[in-house]
1. Once Rh is set to the Kirkwood radius over Cα pairs, what Stokes-Einstein translational diffusion coefficient, in µm²/s, holds for segment B:284-402 at a temperature of 25 °C and a viscosity of 0.890 mPa s?
2. Would you mind classifying chain B by shape? Square roots of the alpha carbon gyration tensor eigenvalues, ordered a ≥ b ≥ c; an a/c under 1.5 is rounded, otherwise it is prolate if a/b is larger than b/c and oblate if not.
3. Past the 35 angstrom mark, what percentage of all C-alpha to C-alpha distances in segment A:126-391 do you count?
4. When only Cα pairs under 8 Å and 6 or more residues apart are kept, what is the percent relative contact order across chain B?
5. In whole Hz and in residue order, list the ³J(HN,Hα) couplings for segment B:463-471 that follow from phi through the Karplus curve 6.51 cos²θ - 1.76 cosθ + 1.60, θ = phi - 60°; x for Gly and Pro.
6. Once you have a ≥ b ≥ c as the square roots of the Cα gyration tensor eigenvalues for the protein assembly as shown, tell me rounded if a/c is under 1.5, and otherwise prolate or oblate according to whether a/b is larger than b/c.
7. Grab the beta carbon distance between B:VAL10 and A:GLU61, set R0 = 41 Å, and tell me the FRET efficiency rounded to 0.05.
8. Give the percent of DSSP beta bridges with both residues in chain A that are antiparallel, rounded to the nearest 5.
There are 2 protein chains.
Amino acid sequence: MFVKDQSDLVADWDRLFRVFIRPEGQVSRATLIKYMDRILYGLNDFLKTNVGITEAVSLKELSKNFTDTLIHDNPEKKLADVITCLIDNIAPHAVNVSSPYFVGHMTSAIPFFMVHLKTIVAALNQNLVKLETSKVVSIVEKQVIAKIHRMIYKHSDAFYQEHVQNTDTTLGVFVEGGTTANLTALWAARNAKFHPKAGFAGIESDGLAAAYRAYDIDRCVILVSRLGHYSLRKSAGVLGIGNQNVIPIKTAPDNRVDINVLKQTITRLKQESPRTCILAIVGIAGATETGTVDPLETLAEIAQAENAHFHVDAAWGGPTLFSKKYRYLLNGISLADSVTIDGHKQFYMPMSCGMLYLKDPTALDVIAYHSNYVNRMGSVDLGIKTLSGSREANSLILDCALKIMGAKGYALLIDHGIETAAAFAREIRRRDLFELMTPPVLNILTYRICPPDIRKKLASADDAERRKINERLNTVNRRLQQIQREAGHSFVSRTTLLQNNCSEDGIVVLRSVIMNPMTTIGILNEVLDEQEEIFCSQLKDLVE
Amino acid sequence: MFVKDQSDLVADWDRLFRVFIRPEGQVSRATLIKYMDRILYGLNDFLKTNVGITEAVSLKELSKNFTDTLIHDNPEKKLADVITCLIDNIAPHAVNVSSPYFVGHMTSAIPFFMVHLKTIVAALNQNLVKLETSKVVSIVEKQVIAKIHRMIYKHSDAFYQEHVQNTDTTLGVFVEGGTTANLTALWAARNAKFHPKAGFAGIESDGLAAAYRAYDIDRCVILVSRLGHYSLRKSAGVLGIGNQNVIPIKTAPDNRVDINVLKQTITRLKQESPRTCILAIVGIAGATETGTVDPLETLAEIAQAENAHFHVDAAWGGPTLFSKKYRYLLNGISLADSVTIDGHKQFYMPMSCGMLYLKDPTALDVIAYHSNYVNRMGSVDLGIKTLSGSREANSLILDCALKIMGAKGYALLIDHGIETAAAFAREIRRRDLFELMTPPVLNILTYRICPPDIRKKLASADDAERRKINERLNTVNRRLQQIQREAGHSFVSRTTLLQNNCSEDGIVVLRSVIMNPMTTIGILNEVLDEQEEIFCSQLKDLVE
C-alpha cells in the first residue's frame, strides 16, 4: 500500500547539505513551493470526503501495515515521496476533524491561515524558554498574554502599563494544553499554601510530607463539580495530593455544581477533621460533557470565605468573553485566582496550545526555577515560571489570529455555536425518537435515542425496572454511535452521564459540540435523520 | 514601525467563511501559495544576516512597541499584512538560531523539510489524545516509538512483533519536551514504589503523605550528578518529593558522576535513616553544560542493587546511538528503566517534542487515567498514559524524518558534531589566550579567556588569591559573551561551572554546542578571532 522503497537513495554529505540549506535556485525553489501546494490542496480531497473513523479498512487490518520496527540505514524516501505517501496513504485513514459533520469532539476545522502561521513558527524555530533563543518573540508573548488577561480581568490601563512588559511579573503563561494549565494552577496553589516559614523551606523544596507536618495538616482537598475535567484528578495525583482528594460535588438539575451540597461538604470536612485543608475550589466554564457553566460568583465568595484558591477551568468556554451577547454567562470569572483557557479549542488554533492566567502577577513566583545556563536569576527568560522547558512560539500564532479575526470575528463563531446548538436542541425535542438529556448553555448538548413508548414506560417504572430499560437504551445508543462513526458520513461522540447524581444510573448519551462555522442546522438535521434511519433499520429490536 | 491598521476591515460572515474554507479558485489558490513562498523565502534575508541578540534596538526600546493591551473589535490586518509584518518587523528582532555562527544553545538549524512536515501536521490537525481524533496517526505513532525503542533496547523481533501495535502496552510516549519526559519517568517510578496494598489505594489515589505512612518512609531521594538538568529538581518539586531531595553527587575530574561519592552517599543515607527511600538514580547521557556521559553500566548496577528506578536523561545525547563510531559512548543505556530523548534537539525537529521510552512495556500502567468521554478503559487512546491531554502529531514528523534522513544521515550529523568539537578543542588549546575548561566527549565544550600570565599566577596562587583572580576572569568572560552576542555576528552561551566541586569556586565559562552541520572549524576559528579581538580591544585592562 505504500510507495516502494527507493533503495538507490544514500545518506551522504551532499544530500545533508541540500536538506539543511534552503534551496536558492529558481527550479528547486519552485519544487519546494509545489510541495506546499500539494500539502495545502492535495489534502483537500480527503478533507472533503472523509469524516469519521471509517472502517472500510479496520484498525486492526490497518495496523498490520505498521509493524516494521527497523530504522533503515539509508533514506527510504525523498520529501516528494513522503508527501505523496502522507496524502495518499495516511490522510485517508486519518480523521477529518474539519468536516462540518464532525460534531463529536472539541477538535474541529481551523481557519486555513492558522496553517500559514504554524509554518512561520516552525521556520523561525524560536525557543521561548529563554530570551537568547527568542528575543522579540518573548516580548510579543508578554503582550498577547496581557491582551487576554485584560479580556478576563479588566484591570485598569495603569495596571497593564505596569505589567505588560514587566520582566518580574507574570500575567499568564503558555503551556501545552488545558491539562498542564490546570496542573500549573494547582501547583501554584499548593506552593502558596505551604510556603516557607521558620524551620521549613517550603513544600517545593522539602516535599509534601514535611509540609503537612510543618502546617499540622494531614489532608488537602480540591472541590469541584463531578463534571470537572479528569485532568484535575490527574493534577492532584501528580502533585502528591492524591486524586481521591479531588472531591466531586453533585450537580443541580441544571448541571451546574450544587451550591448547597458544596457548602454541606465543606462543613462535613471541617467537622471530620480540623487537619483537612481546603486547598482549592474549581469552577467550570464549559464542562467537557455538557458545556455548562458553574455559578462562578458564588463559588468565588465561598472560596474567599474558606481561604481557598479559586481556579476556573475555562479551557472550553473562555473565548465566550468575545461575545457581547453571551459573555454574561461567564460572570464572576474575573474573581478567579487563576483561569485555564485552551488555544486549540475555541481560539481555533492548531494543536497543542494551552494558557493559564493569574489574577495576581506574582502568583507564579512560587513555582520559579533557575539554573546557571538558562533562566538565570533576574533574567527575562519566560521559562522561569513554566512547567516545561523548551517551547515553541504558539503565542505568535494567537497574536496574529487576534489581528486577523478581531474580537468580533471570534464573537461571530461563539454566537453561531451557541445559537446553532439551541436550534439543534429544539429539533431534538421536536423529534419523537430522541430525548434531550442536557440542554445547551454554550454550544454543547447531549441527547439519546429513546422512543416515545419507552419514555412513557420509564416515567412510571420503579427503580429496578427503570435501570433495566436504561441498560437496554444504553446498548442501543452505544451501538448507534459506533455504526454512525464507522459509516463515515458524520460523527457525534458519546459519554455516560449520571441521572440524579446516582452512580448506578449511568446513562449513555450522544454528545454534540458545535464549533465549526460550517455546521448548520441543516447538517445537524441530516445527522439526526441518519441516526433515525440506523435505529429503525438495525437497532429497533434491541429496545423491546 | 508596524504596518498601519487597516481600519476598513470588518469582521463579518463573508470574511469568516473565506478564512475557514480553503480557497478553491485558481487566483486565490495562487495567492495562498505566494504567501507560503514569502514565508519560506522572505524569512531568508533575515536568516542569512542576523545571528545573536543584536542590540541595534535594545530590548527595552523594542518592548515599548508592544504595550497595547486592547484587542481590536474589527480585524487589524489581512493575512498578507500579517505575514509582511512578521517578515519585516518581527523576524529581524528574533534570534537566528539557524546560523552556523549560533553555537551557544541546543537550538539550531533544522532541515527545511521539517517545516513542510510541520505544515502537514497543522493542516491535518489530528489530536493524539484519542483514536477518534487521530486514527491511523495513533498507529504511526506506535510504530515510530517502537523503532526508537529498538534502537535503545535492542530487544528481539518477537518482542517488537508483540508490542509494536499492542493497544495494552506502551514502549514510549511523545511529550512536550525533556522536562515532561523526566517528570513522567519519576512520576511512574514514584507510583511503582508506592503501589496499592492492603489498606492503601496507592500514592496516586491517596497522596504522598498517606503513602509514606503506609510504607513507613519519611523521605524519598533521587540521586544524580550535580550536572543533572534542573528539570529533575523541578520534577521532584512538582511530585511532592521535594527538590532538596534530588541529591547532587560530585563529579570526577572527567565531569562524569563520581561513583565513589555516589556509593558513599548511599551508605550515609542508609545510616542516617532506615526510613529514607532511594527512589531513583539518574544517569546523564549528554550533560547540558558539558556534554559528558555518566558511566551508565555502573549506575545501572548500583540502581539494581538498591532496588531504585534507573532513569537515563538522554534528552541531548540519545541520537548518538545512530553513529556506529560513537554509540559506544552510551553503553549501558539499554539497562535503563526509562530514557528521555528530545526530538527538537538532535533529531533536528521543530519545537516542541520530547519522548520517554520504557524498558518494561507495562511501566506506565501506574499513571493511567480514564474518563467517560475519552480514554475509556480498554480503548487504544494514546492519551491514557500521558501527562498531557490534547496533543499534536509530532510522531508523524519523526517518522517521516527517519525515512528521509536514514540512520546514516543522522549519524553523519552526530559524527560531524563530535569531530568538529574535538577540532575546536584542539584549536582552543593551541591559542594562548584561551583555557579549555571541559574537553568535549560528545559535541559540547566549555572554555574561557585566561591569558598565559594569569594562568601562571593561578597555578601558584593560594586559595584567597585564586578566588580573586577567578572573579576578575569571571567578569571578563561574562562581558565578553555579552559584547559578542550584542554585536550579532556569532553567539556562544555562558554558564558557571564549579572547580573541584566547590560551590565557592564558580568559574564563568563560554559554552559551545556544535550541532549545525554548517558549523565548520573555519567558522569556529572566526568566533575565537572575534573573542580575541574583543578581549584585546575592550577587556584587557579588567584582568590586571
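1. Details: Rh = 16.0 Å.
Result for D is 153 µm²/s.
2. Details: a/c = 1.73, a/b = 1.03, b/c = 1.69.
It comes out oblate by the Cα gyration axes.
3. On the way: 4986 of 35245 pairs.
Taking all Cα-Cα pairs of segment A:126-391, the fraction more than 35 Å apart is 14 percent.
4. Numbers: 888 pairs, mean separation 99.4, N = 544.
In percent, rounded to a whole number, it is 18.
5. 4, 4, 5, 4, 5, 4, 4, 4, 4
6. On the way: a/c = 1.57, a/b = 1.33, b/c = 1.18.
It is prolate, given that a/c is not under 1.5 and a/b is the larger ratio.
7. Working: r = 50 Å, r/R0 = 1.23.
Efficiency computed from Cβ-Cβ geometry: 0.25.
8. Details: 27 of 46 bridges.
Bridges in chain A that DSSP calls antiparallel: roughly 60 percent.
FYI, it's all coordinate maths here, none of it is from the lab. The structure presented is a predicted model; accordingly, all values stated were derived computationally and were not measured. Every residue, glycine as well, gets a Cβ built from its backbone with ideal geometry; the counts of neighbours run over all protein chains shown.
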